[in-house]
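**Q** Before we start, here is the structure in question, set down as structure tokens.
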Amino acid sequence: MKIGIIGSGKIGGNLGKHWAKAGHDVLFSSRHPEQLGSLIKEAGTNAKAVSITDAFEAKADVYLLAMPFKAIDKISELYAGEYANSVILDATNPYPERDGDMAQNVRDANYNASEYTAMKFSSAKTAKAFNTIKAEHLRDRAFRSLDKLSVPFAAQDQQSKTVVQNLIEDIGFDAVYVGNLSDTKIMDPEQEIYGVSTSKSELLETVNSLKQK
């Protein structure tokens, strides 16, 4: 698959490197793509650095959102004609101390953060994953055949569910399906499975117990 990485920091950078290693075509994007040379060198021949505009014009199959949550409004509006029918993989988190009032408003609303992203990127299919995992675990514990960590995810439809499950498993993590986007509150900051690194069986037990409440 062709994957556009929007936000090439610790989460986006590590995921992009892993996906390139797994054989996907990865477009790392930045406002200053010329500064991504070392990242591209680490990622190998399946990766290149481009501007954010070029990433969206490339019509990727999947766009990973790994930038600050406050950028969602601007990016969804600027590139509204470019991502239709793609899968938007939302790895963002609303942190009011960083993202300001819009993040606090989303936290206080009767919808959750992933539903907000889906409303903004309405012509795409939105999924949520990789917002709960610690950056160092994402970096260090990929491609394991034993003692795998699990990654919770949610998806808007069957297509996005299949795509994201494959992307999680392609890099050596176990995928745990939480449900649709309305079920992702438990993945948000300070909620039950945010920052939790555990096995598939233990995460499934936790998720199932929360659903029964």
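**Q** With Rg and Dmax of the Cα atoms in Å as the read-out, I listed [x] 16.1, 50; [y] 18.6, 57; [z] 17.9, 63; which label goes with the value calculated from this structure?
**A** [x]
**Q** Follow-up. Just to be sure I understand: of the beta bridges DSSP finds with both ends in the chain, what percent are antiparallel, rounded to 5?
**A** 10
**Q** Here is a further query. In whole angstrom, note down how far apart the Cα centers of the range 180-213 and the range 38-67 are.
**A** 30
**Q** Here's a follow-up. Net charge near G81: determine it from the other residues with C-beta under 12 Å of the C-beta of G81, scoring Lys and Arg +1 and Asp and Glu -1.
**A** My count for the surroundings of G81 gives -2.
**Q** Let me ask something additional. Compute the Kirkwood hydrodynamic radius of the range 38-95, taking the inverse of the mean of 1/r over all pairs of distinct Cα atoms, and give it in Å to one decimal.
**A** 12.6
**Q** Another one. Can you give me the Cα centroid spacing of the range 1-19 and the range 74-103 in angstrom?
**A** After rounding, the separation between the Cα centres reads 15 Å.
**Q** Now for a separate question. Counting each DSSP H run of 4 or more residues in the chain as -39500 (n - 2.57), what helix-only mean residue ellipticity at 222 nm follows after dividing by all residues, to the nearest 500 deg cm²/dmol?
**A** -10500 deg cm²/dmol
**Q** Which value, in debye to the nearest 20, gives the size of the charge dipole of the chain about its Cα centre, when Lys and Arg are +1 and Asp and Glu are -1 at the Cβ?
**A** So the magnitude is around 340 debye.
**Q** Taking a label point 7 Å from the Cα of K10 along the Cα→Cβ vector, which residues of the range 53-96 have an amide N closer than 18 Å to it?
**A** Residues 65-70, 91-96 qualify, since their backbone N sits under 18 Å from the label point.
Values in this text are rule-based calculations from the coordinates and carry no lab data. These numbers come from a predicted model, not from an experiment. Every residue, glycine as well, gets a Cβ built from its backbone with ideal geometry; the counts of neighbours run over all protein chains shown.
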